[in-house]
Every structure is written in C-alpha cells, then in structure tokens.
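Novice: Okay, handing you the structure first.
The values are calculated or read from the model by the stated rules, or taken from the named source; none is laboratory data. Worth saying up front: this structure is predicted, and the values here are computed from it rather than measured. Positions of Cβ are backbone-derived with ideal geometry, glycine not excepted, and every protein chain shown enters the neighbour counts.
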DNA sequence: AATGTATTTGGTAATATAGCCAAATAGCCA
DNA sequence: TGGCTATTTGGCTATATTACCAAATACATT
C-alpha cells in the first residue's frame with residue numbers, strides 16, 4: 001500500500017504547495033482577472049520585487065502561470081483557470097470553521 | 001493595496017498548506033472513500049504512527065477532517081467533501097505540464 | 001554604444017516543516 | 001485494578017521556505 005502514496009501524490013502536492021502561500025494566492029486571483037507584469041504585482045503586494053519574482057517562478061515552475069515578454073516587461077497570466085473554482089471550497093471550509101468557533105463560544109456563555 | 005493580501009489570503013493559505021503534502025493528500029483521498037482510524041492510515045502509508053498522527057492533527061487543525069472516538073480507536077473522516085473536486089483541476093495542470101514537456105522533446109528531436 | 005527600466009539571481013539569516021524515537025496519555029476489558 | 005491497545009506529545013535533527021539586500025542580467029530607447 002505504501003507504494004500508492006509516492007508518485008501521484010507527490011506530483012499533486014508539488015502543485016498544491018505552490019499555491020500554499022498568501023502572496024501567491026493573491027497573485028493567482030489577480031491574474032485570474034487579468035494578466036500583470038512583475039512590477040504591477042510588486043506594487044499591489046508591497047514586497048520586494050525580488051520576492052515577487054521568486055513567487056512567480058514558483059508558480060511558473062508548478063505550471064500554474066505562463067509568462068510572455070512584451071516590450072520592456074514580462075507579463076504573467078493564469079495557465080489553468082479551474083484553480084479559481086477551488087477557492088469557493090476553501091471558503092466553505094473557512095465558514096465551517098467559523099461556525100464551529102461560534103458554537104463553542106455560545107456553549108460556554110451558558 | 002498591500003492590505004488586501006493579508007487576512008483573507010493568509011486564512012486560505014493555511015488551509016491549502018494543510019493539503020500540500022503527499023501523505024496528507026493520500027489521507028484526504030482515503031477518507032473520501034470511507035472513514036479510517038489512525039492505525040489503518042498508518043498501515044496504508046507505511047510511516048511511523050506518530051508521523052501520521054501529526055499529519056492528521058494538521059488536517060484537523062485546518063478544519064479539513066473531523067475525528068470521532070469509538071470503542072478503542074479514533075476515526076477520522078472528511079469534513080468538507082468538495083476538496084476532492086479540486087483534484088481534477090490539479091490533474092489538468094499535471095497533464096498540461098506533461099503535454100508541454102512532450103512538445104519540448106518533440107521539437108528537439110527534429 | 002550608453003542609459004535607464006524591469007526582472008532575475010545569489011547570498012544569508014530567520015523561521016517552519018517533516019520524520020523518527022521514546023515516553024506519556026486515554027480508555028477498553030479481563 | 002492492572003494490563004493492553006491506540007493515539008498523542010516532546011525532543012531532536014535534517015531539510016525547506018521565506019524575505020530582504022545587493023549585484024547581475026536583459027532589453028528598449030535615446
């Protein structure tokens with residue numbers, strides 16, 4: 001059974017790990033609306049340009065975004081848009097968590 | 001703009017990060033089929049029981065699974081099943097990646 | 001060719017994660 | 001109660017990740 005864990009799940013985990021960072025999630029969402037160059041994303045997020053560049057390279061390496069050089073800038077865009085659908089489910093988890101927290105609070109107030 | 005990155009995306013990232021590990025993906029998939037206790041998952045994955053226990057606590061902490069004590073064991077099950085839908089999208093990414101690799105190979109063979 | 005803008009790379013320190021072992025805990029059942 | 005099984009916790013080491021700065025690179029435009 002052990003053998004079933006490795007190759008497939010490792011490949012998937014790599015992609016999911018690429019999404020698992022606040023700034024990278026922000027980038028994914030921003031690119032879903034429209035393409036952006038590094039400078040724009042840097043401005044939006046407010047971190048060092050080199051930091052954003054590295055985040056983009058993580059996303060690109062995972063196959064989540066593509067880049068295209070145009071005039072003086074490099075424009076990034078989302079490669080596989082279905083990623084966005086996932087966010088709805090994440091929100092479900094968050095709201096379920098919030099509901100549970102509320103329940104615990106209510107029970108202790110009694 | 002900087003302010004938009006933090007609270008919402010951090011909460012989401014936390015949940016996604018909880019999924020971003022091969023063994024934890026395996027666990028999520030297994031629990032989607034049916035609930036399992038720690039011992040069963042340990043057996044399936046072939047790691048130390050304490051390691052699996054910690055993985056489960058990561059998943060539980062993120063709100064992805066719930067546990068229920070029954071007789072001598074603790075049974076875990078999936079809390080928000082929509083998680084599974086996401087895997088299809090991950091596969092899309094993987095197959096797009098594979099296609100690209102193939103394209104590169106083909107072009108170099110010429 | 002020289003300048004200036006945009007992006008990436010290398011180095012480094014701080015922090016986080018993963019795994020194993022040993023030990024602690026929880027609860028069932030004789 | 002005392003032993004047994006199942007699970008969790010603490011300690012520790014190895015490895016990975018993140019962010020910043022400084023420096024390198026890539027190009028477009030003058």
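Novice: Under the condition of being within 11 Å of DNA strand C (Cβ to nearest atom) and part of a helix (DSSP H, G or I), which residue from the stretch A:21-43 is farthest from residue B:100 (Cα to Cα)?
Specialist: Quick first cut of the stretch A:21-43, residues within 11 Å of DNA strand C (Cβ to nearest atom) only: A:21, A:35-43.
The next check asks that each one be part of a helix (DSSP H, G or I); those that pass are A:38-43.
Numbers: A:38: 23, A:39: 27, A:40: 28, A:41: 26, A:42: 28, A:43: 31 Å.
Applying the filter and picking the extreme gives A:43.
Novice: Please tell me if residue A:39 is buried (at least 17 other Cβ atoms within 10 Å of the Cβ) and in the same structural domain as residue A:14 (by TED's automatic domain parsing).
Specialist: Details: buried (at least 17 other Cβ atoms within 10 Å of the Cβ): no; in the same structural domain as residue A:14 (by TED's automatic domain parsing): yes.
No: the conditions fail for residue A:39.
Novice: Would it be correct to say that residue A:70 is out of contact with any helix residue (DSSP H, G or I) (no Cβ under 8 Å at 6 or more places or on another chain), under 22 Å from residue A:57 (Cα atoms) and free of Cβ contacts under 8 Å to residues at least 40 places away in the same chain?
Specialist: Details: out of contact with any helix residue (DSSP H, G or I) (no Cβ under 8 Å at 6 or more places or on another chain): yes; under 22 Å from residue A:57 (Cα atoms): yes; free of Cβ contacts under 8 Å to residues at least 40 places away in the same chain: yes.
Criteria met by residue A:70.
Conditions tested, residue by residue: (1) under 23 Å from residue A:98 (Cα atoms); (2) more than 8 Å from DNA strand D (Cβ to nearest atom).
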residue: B:45; (1), (2): no, yes
residue: B:57; (1), (2): yes, no
residue: B:67; (1), (2): yes, no
residue: B:72; (1), (2): no, no
residue: B:79; (1), (2): yes, yes
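Novice: While we're here: If only one of A:6, A:54, A:34, A:14 is at pLDDT 95 or above and closer than 23 Å to residue B:95 by Cβ, which one is it? Spell out how you get there, then give the answer.
Specialist: Details: A:6 fails: at pLDDT 95 or above; A:54 fails: closer than 23 Å to residue B:95 by Cβ; A:34 fails: closer than 23 Å to residue B:95 by Cβ.
Among A:6, A:54, A:34, A:14, only A:14 is at pLDDT 95 or above and closer than 23 Å to residue B:95 by Cβ.
Novice: Within the group A:18, A:13, which residue is assigned to a helix (DSSP H, G or I), in contact with a helix residue (DSSP H, G or I) (Cβ under 7 Å, 6 or more places away or on another chain) and more than 10 Å from DNA strand C (Cβ to nearest atom)? Quick ask: steps written out before the conclusion?
Specialist: Working: A:13 fails: more than 10 Å from DNA strand C (Cβ to nearest atom).
The conditions single out A:18.
Novice: Of all residues being assigned to a helix (DSSP H, G or I) and away from every other protein chain (no Cβ under 14 Å) in the stretch B:50-71, which is nearest to DNA strand C (Cβ to nearest atom)? Just the residue, please. Don't jump to the end; show me each part of the working.
Specialist: Pass one, the stretch B:50-71, residues assigned to a helix (DSSP H, G or I): B:50-61.
Now narrow it down to the ones that are away from every other protein chain (no Cβ under 14 Å): B:50, B:53-54, B:56-57.
On the way: B:50: 3, B:53: 8, B:54: 6, B:56: 11, B:57: 10 Å.
My answer is B:50.
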